[in-house]
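Each remark here refers to the structure printed beneath this line.
The values are calculated or read from the model by the stated rules, or taken from the named source; none is laboratory data. These numbers were taken from a predicted model, which means no experiment stands behind them. Backbone-built Cβ (ideal geometry, glycine too); neighbour counts: all protein chains shown. Only protein heavy atoms, including side chains, enter the accessible area calculation; ligands, DNA and RNA are left aside. Shrake-Rupley method; radii C 1.70, N 1.55, O 1.52, S 1.80 Å.
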Amino acid sequence: MKKYQIFVMLFFVTTLIATGQEKVEKDAVFTKSIEEGQFIYEDFCMNCHLPNGKGVEKTFPPLAKSDYLMNNRSLSIKAIKFGQKGEIIVNGEKYNNVMTPLGLSDQEIADVMNYITTSWGNTNKKMVTKTEVSAIKQ
């Protein structure tokens, strides 16, 4: 009976260690994606949405504390991937401007989404992946 208990205990300890290691690896991948996304943001997005993500009132919507960004994940990915035109409501304000497609790869879009959804008061806990971006069609 004691051997069985030791085996069960070792199994659970091994499982916990492996699960913890997977989380650390996932966290490292998420962190790396956010870091890459910051560079992409600075190159492609900052001119309109500004360094602080607050955008330009009535012209370029804010990404900081953005209800649209956080509540419309697929549409936000689609806007980065294919561009955006037409009216949208962000934090209660109407925006009706054009965002041209940026020509980013699916991985770059995932990275910039991870950056903007974890910056300036946005709290995204679920990493955007290249696979998720690839699944978004026009």
Using a 1.4 Å probe on the protein heavy atoms, what percent of the accessible area of the stretch 26-138 belongs to carbon and sulfur? 54
Quote the accessible area belonging to Glu57 in square angstrom, nearest 10, computed with a 1.4 Å probe and with ligands, DNA and RNA left uncounted. 140
Over 22 Å between Cα atoms, which of Lys85/Lys137; Lys65/Lys126; Lys32/Lys94 qualify? Lys32/Lys94
Give, as a single signed number, the net charge of other residues whose beta carbon lies under 14 Å from the beta carbon of Glu108, with Lys and Arg counted +1 and Asp and Glu -1. -4
PRE reach from Lys65 (point 7 Å along Cα→Cβ): which of the stretch 91-130 fall under 14 Å by backbone N? 91-93, 119-123
What does the charge add up to near Met70, with Lys and Arg as +1, Asp and Glu as -1, over the other residues with Cβ less than 12 Å from its Cβ? +3
Within a Cβ distance under 13 Å of Gln138, other residues only, what is the Lys/Arg minus Asp/Glu net charge? +4
Would you please give the FRET efficiency between Val29 and Ser74, computed as 1/(1 + (r/R0)^6) with r the Cβ-Cβ distance and R0 = 35 Å, to the nearest 0.05? 0.95
